[in-house]
Amino acid sequence: MTTENTAITPLDAVTFGEAMAMFVADHPGDLADAEQFTKRIAGAELNVAIGLARLGLKVGWASRVGNDSFGRYTLHQLEKEKINSGQVTVDEHYPTGFQLKDKRLDGTDPTVEYFRKGSAASHLSPADFNPDYFGAARHLHLSGVAAALSQSSLALARHAAKEMRRMGKTISFDPNLRPVLWPSEAAMVEALNELAFQADWVLPGLKEGQILTGKQTPEEIADFYLSRGVKAVVIKLGADGAWFKSADGEQATVPACLVENVVDTVGAGDGFAVGVISALLEGLPLRRAVGRGNKIGSLAVQAVGDSEGLPTRAALGE
């Protein structure tokens, strides 16, 4: 069954994917020794939806959750963040996934253990594409995480990209590589590039771009996608900021924002996507969009949790 929030209203952006309950250890150390955790929400595409909604955009998120406490928790978080949940199905047969994450004090990537196999969201399929709901949005955000969940979820990503492109909507794509979820690197590369070629804006990290294209430099990676019809490629360079190139030839490096205390690196790329997408949807120049991406990414790593550091419009200070 679907949630009661089924009214189809105009949306600025729509995305889909898996939400998981996330338990973050309260104290540093081996997860095996952790006895106290704080519950939060996680999911790459949901992080982007939350970030866009906090900036005042009207956002829809489509998915499947189990008929369980984690599923109810997800729906409560959607309501709290003012995200349209009209295309979220409560699945009576499969559970909501969850994950455990350790706490780090040195700014390194935390260890995350996932419990998602056979989850409700892994059963997403083209049947979950409601053309009226998705078509009410002017923009679709796709991520490689949702595409990696299952063959049926990948089919949904392909279908959504094709239909939204046919309807004249803009599309952004963040590769968000999860090699462990794919049968092989070759399968991952082929599937994700197919989605990238449907997008207007492609947002890989440098290492991701190298894996997906076989190219080494940011410009070579960008040209690989631009030659296939992508309008802009923005490449995340970590501490060096980000580099972009557009179809009209504009290119530049945008410096990173200095962060003195990195608390949690997970979600930085999603925060970056929030900044770029929101700015471009507002009609701002690409350089400013990349600068906003850097800023929100820097804020994301200064808070525990995947989305807790994503700012409101007032906190963004623009």
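Does Val233 qualify as being part of a helix (DSSP H, G or I) and modelled with pLDDT of 90 or more? When the stated conditions are applied, Val233 does not pass them. In the set (1) assigned to a loop (DSSP other than H, G, I, E, B); (2) among the hydrophobic types (A, V, I, L, M, F, W, C); (3) open to solvent by 50 Å² or more (accessible area, probe 1.4 Å), the condition left unmet by Leu177 is number (3). Could you list, in sequence order, the residues of the stretch 6-56 that are among the hydrophobic types (A, V, I, L, M, F, W, C), open to solvent by 20 Å² or more (accessible area, probe 1.4 Å) and not in a helix (DSSP H, G or I)? Answer for the stretch 6-56, where residues must be among the hydrophobic types (A, V, I, L, M, F, W, C), open to solvent by 20 Å² or more (accessible area, probe 1.4 Å) and not in a helix (DSSP H, G or I): Ala7, Ile8, Phe23, Ala34, Phe37.
Taking the stretch 57-77 as the range and being open to solvent by 70 Å² or more (accessible area, probe 1.4 Å) and farther than 24 Å from Pro126 by Cβ as the test, the residues that pass are Lys58, Arg72, His76. Looking at the stretch 180-212, which of the residues that are part of a loop (DSSP other than H, G, I, E, B) and out of contact with any helix residue (DSSP H, G or I) (no Cβ under 6 Å at 6 or more places or on another chain) is farthest from Ile235 (Cα to Cα)? Only one residue tops the list, namely Pro183. The set of residues from the stretch 173-201 being among the charged types (D, E, K, R) and within 17 Å of the chain's Cα centre (by Cα) comprises Asp174, Arg178, Asp200.
Tell me, which residue of the stretch 288-315 that is hydrophobic (A, V, I, L, M, F, W, C), outside any loop (DSSP other than H, G, I, E, B) and modelled with pLDDT of 90 or more is most open to solvent (accessible area, probe 1.4 Å)? That would be Ala314.
Candidates in the stretch 131-149 are the residues that are over 25 Å from Gly209 (Cβ atoms) and free of Cβ contacts under 8 Å to residues at least 60 places away in the same chain; of these, the one that is surrounded by the fewest Cβ atoms within 10 Å (Cβ to Cβ) is Pro131. Checked against the criterion of being among the acidic types (Asp, Glu), open to solvent by less than 60 Å² (accessible area, probe 1.4 Å) and over 18 Å from Arg228 (Cβ atoms), the candidates Glu163, Glu185, Glu208 yield just one match: Glu163. Are any of the residues in the stretch 214-231 within 20 Å of Leu284 (Cβ to Cβ), of a type outside the set (A, V, I, L, M, F, W, C) and either touching a residue at least 24 places away in the same chain (Cβ under 8 Å) or open to solvent by 40 Å² or more (accessible area, probe 1.4 Å) (or both)? Looking for residues that are within 20 Å of Leu284 (Cβ to Cβ), of a type outside the set (A, V, I, L, M, F, W, C) and either touching a residue at least 24 places away in the same chain (Cβ under 8 Å) or open to solvent by 40 Å² or more (accessible area, probe 1.4 Å) (or both), one finds at least one in the stretch 214-231, hence yes. All of Asp132, Asp106 fail the test of being at negative phi, of a type in the set (D, E, K, R) and not in a helix (DSSP H, G or I), apart from Asp106. Taking the criterion of being over 22 Å from Arg72 (Cα atoms) and free of Cβ contacts under 8 Å to residues at least 24 places away in the same chain, the only residue of the stretch 87-126 that qualifies is Asp106.
The values are calculated or read from the model by the stated rules, or taken from the named source; none is laboratory data. Every value quoted in this text rests on a predicted model; they were computed, and no experiment measured them. Positions of Cβ are generated from backbone atoms using ideal geometry, with glycine treated the same way; all protein chains shown enter the neighbour counts. Each accessible area value is taken on the protein alone, full model and side chains, heavy atoms only, with ligands, DNA and RNA left out. Shrake-Rupley method; radii C 1.70, N 1.55, O 1.52, S 1.80 Å.
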